[in-house]
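The values are calculated or read from the model by the stated rules, or taken from the named source; none is laboratory data. Values in this document were obtained by computation on a predicted structure and should not be read as measured data. Quick reminder, even Gly has a Cβ in these numbers, built from the backbone with ideal geometry, and neighbours come from all protein chains shown. When the accessible area is computed, the model is the full protein with side chains, heavy atoms only, and any ligands, DNA or RNA have been set aside. Shrake-Rupley method; radii C 1.70, N 1.55, O 1.52, S 1.80 Å.
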Amino acid sequence: MHDPQADVPVAIGVSGAIAAGCYLLPVAAILSATPPGRITGIAGFMDAAELVFGIYGSWRGPLLTGVAVLFAVALLTQGSAWMIVADRMQAMAAADGGFFTRALGAFHPRLGTPVRMNLLSGVAATAFMLAAMQLTHGDASAVFGVVLSVAITTLLLSYLAVIPALLALRLRHPEVPRPYEVPFGTPGFTVAALLVYAWILLGSWVALFPGTLEAAIGVRYPFRAVWGVSRLTFETFTLSTVGLLLAVATAGYVTQRVRAQAGDDQRQPRPPR
């Protein structure tokens with residue numbers, strides 16, 4: 001990257017096109033090779049791959065193993081990318097005085113990485129990994145899957161606040177120079193923000209309340225078969241997880257505000273006695 005103002009939009013467009021192709025082309029291949037009556041019975045990508053590779057006979061096993069390895073690598077790289085973005089944003093928030101303590105916002109002097117947030121994320125990821133290794137069967141496994149699913153979805157849920165903040169800053173401070181511009185100025189930016197926000201609302205609703213939209217349009221959604229728990233159990237753990245995360249975020253914000261207020265009070269000159 002040499003000129004961010006010119007390079008970043010091109011990179012977003014190219015990467016978006018590649019990502020769309022990586023999603024759409026495999027789906028098209030699976031649909032083209034799957035009997036119509038089996039499409040609704042596919043529970044996930046690996047099930048679809050196993051069904052499609054049946055046409056290769058004895059080679060199905062080795063091919064499926066190779067796809068499983070590539071799938072694991074894809075999940076690893078995707079999770080790493082999420083962690084890079086999330087850790088950097090959390091470290092910046094901490095360094096700006098918006099989360100617990102500024103010490104969490106320390107960056108490596110040579111590598112430029114958020115060292116302490118990386119370590120904190122590593123501890124949290126290790127705890128989840130150990131829990132996943134222990135909770136592999138029965139109701140406990142299903143409940144863990146629900147909690148893990150909503151924990152992953154928090155990146156999407158965060159945009160429920162991010163997008164309105166961007167729009168508010170654009171409307172309240174139109175005079176501020178911005179390196180990236182949307183066609184048609186503020187009206188174009190507003191339309192784009194509302195369009196993106198509509199998709200985020202849809203995704204967030206589906207993540208928190210799966211099956212409700214299907215029921216509204218008359219599509220069958222076997223909830224227990226999909227999640228392994230009842231809807232009441234699902235919503236209890238899902239909403240409790242979101243509430244816990246919001247409580248941690250609020251505690252971090254309030255803690256830093258109190259620390260900052262105490263520091264301001266100490267810096268104020270005291271009247272002479």
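Here are the numbers:
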{"item": "Failed criterion for Tyr180 (all others in (1) surrounded by 14 or more Cβ atoms within 10 Å (Cβ to Cβ); (2) not in a helix (DSSP H, G or I) hold)", "result": "(1)"}
{"item": "Subset of region 220-248 [among the small types (Gly, Ala, Ser) and open to solvent by 50 Å² or more (accessible area, probe 1.4 Å)]", "result": "Ala225, Ser240, Ala247"}
{"item": "Failed condition for His108, given (1) surrounded by 12 or more Cβ atoms within 10 Å (Cβ to Cβ); (2) in contact with a helix residue (DSSP H, G or I) (Cβ under 8 Å, 6 or more places away or on another chain)", "result": "(1)"}
{"item": "Set Ser121, Ser80: member being hydroxyl-bearing (Ser, Thr, Tyr) and within 20 Å of Thr255 (Cβ to Cβ)", "result": "Ser121"}
{"item": "Answer residue from region 149-172, given it is surrounded by 13 or more Cβ atoms within 10 Å (Cβ to Cβ) and more than 18 Å from Leu246 (Cβ to Cβ) and is nearest to the chain's Cα centre (by Cα) among those", "result": "Leu166"}
{"item": "Residues (buried (at least 17 other Cβ atoms within 10 Å of the Cβ) and either of a type outside the set (Gly, Ala, Ser) or modelled with pLDDT of 80 or more (or both)) located in region 121-144", "result": "Ser121, Leu135, Val143, Phe144"}
